[in-house]
1. So, of the residues in the range 3-38 that are modelled with pLDDT under 95 and basic (Lys, Arg), which turns out to be farthest from the chain's Cα centre (by Cα)?
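The values are calculated or read from the model by the stated rules, or taken from the named source; none is laboratory data. Computed from a predicted structure; not experimentally measured. When we count neighbours, we look across all protein chains shown, and the Cβ atoms used for this are built from the backbone with ideal geometry, even at glycine.
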Amino acid sequence: MAERKAFLLRLDPSTLAALQRWADDDLRSLNAQIEFLLRRALQEAGRFPRLASPPPPSDAPDGFA
């Protein structure tokens with residue numbers, strides 16, 4: 001797994017509460033939800049580096065799609 005960097009993020013309480021509710025609804029941790037949203041925003045803006053090949057689906061056996 002890639003190295004993770006920790007950093008402090010300051011949010012106003014209403015934004016934090018809304019993100020936590022969304023994370024709860026999606027069964028993610030708050031950290032995972034924020035990372036998911038940042039990655040999606042980067043992809044939509046065309047700023048996320050493309051992988052050489054996409055990783056295999058986690059629910060399929062190796063070699064099967």
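1. Lys5
Every residue, every condition in (1) in a helix (DSSP H, G or I); (2) in contact with a Pro (Cβ under 6 Å, 6 or more places away or on another chain); (3) free of Cβ contacts under 8 Å to residues at least 24 places away in the same chain; (4) surrounded by 11 or more Cβ atoms within 10 Å (Cβ to Cβ), yes or no:
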residue: Glu3; (1), (2), (3), (4): no, no, yes, no
residue: Leu8; (1), (2), (3), (4): no, no, yes, no
residue: Ser14; (1), (2), (3), (4): yes, no, yes, no
residue: Ala17; (1), (2), (3), (4): yes, no, yes, yes
residue: Trp22; (1), (2), (3), (4): yes, no, yes, yes
residue: Asn31; (1), (2), (3), (4): yes, no, yes, yes
residue: Ala41; (1), (2), (3), (4): yes, no, yes, yes
residue: Phe48; (1), (2), (3), (4): no, no, yes, yes
